[in-house]
Amino acid sequence: DVARAVAHRAFLPAVQRRVRSHGHTDLGGLLRSWRVVETGTDEGTTLAVVSNAPQANILNTGGTIKAVRAKYLTIPVAREAKHKRAADFPRAFVALAKGGLVLAEHRAGKSKNREDLGKGAGSLHVLFLLRKSVYIGASYYLDLAEDDAKRIAPIIVRAEMTRRMREK
C-alpha cells in the first residue's frame with residue numbers, strides 16, 4: 001500500500017518531470033516500466049525503484065554501448081530510418097562522410113533535406129550513422145531531488161499511518 005501510494009502520487013510523476021526536463025520524450029516504454037517496490041526489514045520499510053526494461057540501467061547510470069552481433073551500431077539519422085533496421089533499406093550502401101562511416105542511399109534530383117550530402121543533380125541521403133560504440137552519459141533519473149523528497153515524505157507518512165491503523 002505504501003509503495004503504491006508513493007508511486008502513483010509522487011515519485012513516478014517526479015521522475016517523469018525529470019526525464020522530460022532532460023529533453024527526452026520517447027524512452028521506449030521506460031517510463032511505463034518503472035515500479036516502486038516495498039521491502040520490510042526489522043529496521044523499517046525501504047522503497048526502491050525497479051525496472052524490467054533493458055535500457056533502464058544504461059540510461060540512469062551511463063556507460064558505453066558496443067556492437068556485439070554486428071560490426072557497427074546503426075544510429076538512425078533520417079526520419080524514415082527511425083524504428084527500422086539497416087536491412088530494411090536494400091539499396092543502401094556504406095559511404096565515408098566527414099564524420100565517419102554512414103549508410104546512405106542515392107537520391108535523384110535536387111534535395112533540401114538536412115540528411116542529404118551534396119546538392120547536385122543527385123545526392124546521398126544519409127539513413128544511419130555507423131559506429132563501433134557510443135557513450136551515453138549518466139542522467140540519474142531515479143535520484144530524488146530535495147524538493148521531490150519533501151513532496152513525497154508526507155505521502156509516505158500518511159500511507160504508513162493508514163496501514164498501521166488497519167492492522168489494529
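Between Ala97 and Arg158, the simple spin-label model (points 7 angstrom out along Cα→Cβ) gives 5.2 nm. Summing +1 for each Lys or Arg and -1 for each Asp or Glu among the other residues whose beta-carbon sits under 14 angstrom from that of Pro90 gives 0.
All of the numbers you see were taken from the coordinates with simple rules; none came from a lab. Keep in mind that this is a model prediction, so the values were computed, not measured. Glycine also receives a Cβ, built like all others from the backbone with ideal geometry; neighbour counts cover every protein chain displayed.
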